[in-house]
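Read-outs: derived from the displayed coordinates by stated rules, not from any lab. In this text the structure is predicted, and so the values were computed from the model without any measurement. Here Cβ is always computed from backbone atoms with ideal geometry, including for glycine, and neighbour counts include all displayed protein chains.
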There are 2 protein chains.
Amino acid sequence: MTRGFPPAEFEARVIRIQQGMARNGLGALLLTCEADIRYVTGFLTRFWESPTRPWFVVVPAEGAPIAVIPSIGAALMGTTWIRDIRTWPAPVPEDDGIALLAETLCEVGGPVGMPSHLESHLRMPLAHFDRLRQICDLRFGPDHGIVARARAIKSAAEVSRIERICATAGRAFDRVGEIAGQGVPLSHVFRDFQCLLLQEGADWVPYLAGGAGPDGYADVISPATDKALDGGDVLMLDTGAVFDGYFCDFDRNFAIGHVTRGGQSAHARLLDAVRAGHDAARPGARACDLWRAMAQVVGSDAQDGRLGHGLGTQLTEGLSLIAADETVLIPGMVLTLEPAVKTGQGRIMVHEEVIVITTDGARQITPEAPAQIPVL
Amino acid sequence: MTRGFPPAEFEARVIRIQQGMARNGLGALLLTCEADIRYVTGFLTRFWESPTRPWFVVVPAEGAPIAVIPSIGAALMGTTWIRDIRTWPAPVPEDDGIALLAETLCEVGGPVGMPSHLESHLRMPLAHFDRLRQICDLRFGPDHGIVARARAIKSAAEVSRIERICATAGRAFDRVGEIAGQGVPLSHVFRDFQCLLLQEGADWVPYLAGGAGPDGYADVISPATDKALDGGDVLMLDTGAVFDGYFCDFDRNFAIGHVTRGGQSAHARLLDAVRAGHDAARPGARACDLWRAMAQVVGSDAQDGRLGHGLGTQLTEGLSLIAADETVLIPGMVLTLEPAVKTGQGRIMVHEEVIVITTDGARQITPEAPAQIPVL
């Protein structure tokens, strides 16, 4: 699979965004976060791990985006379809790109929309943003969710990348027996599972969570402890690995030594819930409809009630499968179905799959999960 | 090495921050970013990879911090020294924790300081921050760099973690010959080097960069291509791996097949520059003094002129070794020395080491680099 996308794909993305800008009377969009900037430019680097430098992309009402970036990124940005690249030698304490950004925005014209909604943030120092608004005589306001809505609908090329990394992780899950078993510390399993993901073809592993315990685990966001796996434990591994900038996000449960009746029946209910969510997923259905279909099988009191979410250039993005989210599903949306059940005092089990909405329903793009919990 | 820190360490951190708050007349600090929140609470999770949920910690003028967080994090936060944990079932579109945060801030009292300087950002939706300021009759302003300055001075326990992950990465660098050589695609080297880091004991690998080419590489932030390594190439790998939440950040260069005279002499100059930076590093010296000492050896026109930076809970944090940074060095500061030289048309070579400032100078905490470029 070739990496990256042709300019036509970026043009189509930007035109979709610009149609939204026109509807909302915006003269420019100001983007500061990795996923938004990559979506319109193709700028892919792990350098975002460094918080030191801000990065700006301005989307005008017409034409290609303008990059206003630290000069350390000029060479890489120059390999994308972006031609108007303005740089400064960041970090510059007295003016870290603000004058250059202000000049660019004034040239493009406002009002300036910025992602401001749930899940977004402004990745630049607050004091610098205040200064920008002072020196730039333009109106700054929300982007009305334009960028997030565009990103939510994936092209076939984007879906193929998510599919590929799901298949990669699927092969790694098939090999968990090589690294996990009674007596192995959970921290070793986490470490070695990341290796399996890399060996099977992941570019990197931004996210790995999991847990282990009798009939389930206490939560799913804690780092691994050195506690050894014990017979009767259920081990869960949940990964967000990446290929070409696109995430998978799904998990698998395993029984250590033997499977208990409670673990087996919880697992069966989770698979039933995923099936119910999948069956409810079609264009026109709402996020809350999928939530309801799954909640009817498992309830919604475990794991905070969110039973899935959008997925793509971020581990979680866009819609939430919760009662309050009435987002209407559209072909090309990729989402996870992630039911959880309480299995005992303070313990839960979680199962997660990835689906893509198609014209006539939904298609699972994670490999089929075993009907019974595999025993290691 | 045990993981985490005793409550006394967090108490000491918070008291140092509260002394700064008192000097600046702040009634509360509002923290929203991973590194700041972890610094005062010990809350360590990879779940920050998900952008969906905001997380808030309020540091009062006296006493322990208060966590205002999504309920999905309650169990993990409950394992830290934090006792006052207030939760809401995020995500809640109509009010994602803002009422709860406002109530907490009003109870604690203002003025409210927030990290606002170079390198910081506010990790919450802009629209929600506007709403918070509307419903909360308190003054919001900068934190005057209090948190960043506290974080910059590491305790012995913090330094030991950075030292450990540096040693881990050093062992992985010693094994690069197992995975790299003529004909191997750079993308495979990146993938396999992450595995080596994990095998040697890294918890995870948030950052890996590098490059390869005759006598150097074009830039150091691009992802790996599938281009095969060729005889005469210089291969550079630069990693930010993590142990217990603390980063290493250093690189090593390797020659493929044979080393050219240009590559060898550039490498020698880089080591000279690191030595000059190290010799200049002592309490009372300024960041710009180290920059000047290194720039005299290698110039400062390659790699944007930044010749090093602070390091700790983030890949890059705090001071910059640039001409404009007059930060005075204090024992306990950990920083990288990262000189770069131009080696040809659009090509550079970079070398990077980590040092800690001690009472009488500086100590290198990365393993000693080979005097000659190793030939693979």
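Note that the range A:193-200 has calculated 3J(HN,Hα) couplings of 5, 4, 4, 4, 4, 5, 4, 7 Hz, one per residue in order, obtained from phi through the Karplus relation 6.51 cos²θ - 1.76 cosθ + 1.60 (θ = phi - 60°); glycine and proline are x.
Hey, any idea what the orientation-averaged projected area of the convex hull of the range B:7-152's Cα atoms comes to, in nm²?
Numbers: hull surface 31.6 nm².
Quarter of the Cα hull surface area: 7.9 nm².
Highest average first, the peptides A:225-231, A:52-58 ordered by how many other beta carbon atoms sit within 10 Å of their residues are A:52-58, A:225-231.
Ascending distances from the B:G346 label point to its copies in the other chains, with the point 7 Å along the Cα-to-beta-carbon line: 5.9 nm. Distant-in-sequence amide contacts of A:G344, defined by a placed amide H-H separation under 5 Å and a gap of 5 or more residues or a different chain, comprise nothing. Evaluated with a Cβ-only charge set (Lys, Arg +1; Asp, Glu -1), the protein assembly as shown carries a dipole of roughly 120 debye about its Cα centre, given to the nearest 20. Only the Cβ atoms of Lys and Arg (+1) and of Asp and Glu (-1) were treated as charged; on that basis the dipole of the range B:156-364 about its Cα centre amounts to roughly 340 debye.
Summarising the rotation from chain B to chain A, the nearest chain B beta-carbon to the axis and its distance in Å are given as B:C195, 2. Remark on B:V259: its backbone amide H falls under 5 Å from none of the residues 5 or more positions apart or on other chains, H modelled at 1.01 Å from N.
Tell me, rounded to the nearest percent, the portion of alpha carbon pairs in the range B:248-370 spaced more than 21 Å apart. The share of Cα pairs beyond 21 Å in the range B:248-370 comes to 33 percent.
The Cα center of the range B:233-282 and the Cα center of the range A:93-109 differ in position by 35 Å. For the range B:187-334, a/c is not less than 1.5, where a ≥ b ≥ c are the root eigenvalues of the C-alpha gyration tensor, and a/b does not top b/c. That puts it in the oblate class.
Computed from Cα atoms, the angle from the helix B:126-135 axis to the main principal axis of chain B rounds to 30 degrees.
Before anything else, pin down the relative contact order of chain B: Cα pairs under 8 Å, at least 6 apart, normalised by residue count, whole percent.
13 percent
Extension gain for B:E62 to B:R131 (0.36 nm times residue separation, less C-alpha to C-alpha distance): 22.2 nm.
With contributions of -39500 (n - 2.57) from each DSSP H run of at least four residues, the per-residue ellipticity at 222 nm computed over the protein assembly as shown stands at -10000 deg cm²/dmol.
How long are the three semi-axes of the equivalent ellipsoid for the range B:1-45, computed from the Cα gyration tensor as the root of 5 times each eigenvalue, in whole Å, largest first?
Its equivalent ellipsoid spans semi-axes of 22, 14, 6 Å.
Taken residue by residue and averaged, Cβ atoms of other chains lying within 10 Å of the Cβ of B:201-209 number 5.
Which semi-axes, in whole Å and largest first, does the equivalent ellipsoid of the range A:248-313 have when worked out from the alpha carbon gyration tensor as the square roots of 5 times its eigenvalues?
Calculated on Cα positions only, the semi-axes equal 24, 14, 11 Å.
Coupling constants for the range B:24-41 follow from the phi torsions by the Karplus curve (6.51 cos²θ - 1.76 cosθ + 1.60, θ = phi - 60°), and in residue order they are 9, x, 9, x, 7, 10, 10, 10, 10, 9, 3, 5, 5, 5, 5, 4, 9, 10 Hz; glycine and proline get x.
log10 I(q)/I(0), Debye, Cα-only chain A, no solvent, q = 0.07, 0.08, 0.14 Å⁻¹? Debye output, listed in q order: -0.35, -0.45, -1.15. Could you tell me the center-to-center distance, by alpha carbons, between the range A:178-213 and the range B:162-195 in angstrom? The two parts, judged by their Cα centres, are 19 Å apart.
Sparsely packed loop sites in the range B:90-176 (the GluC sites (Glu not before Pro) outside DSSP H, G, I, E and B with at most 11 other Cβ atoms within 10 Å) comprise B:E94. On the principal axes of its alpha carbon atoms, the protein assembly as shown extends 70, 57, 57 Å, with the longest extent given first.
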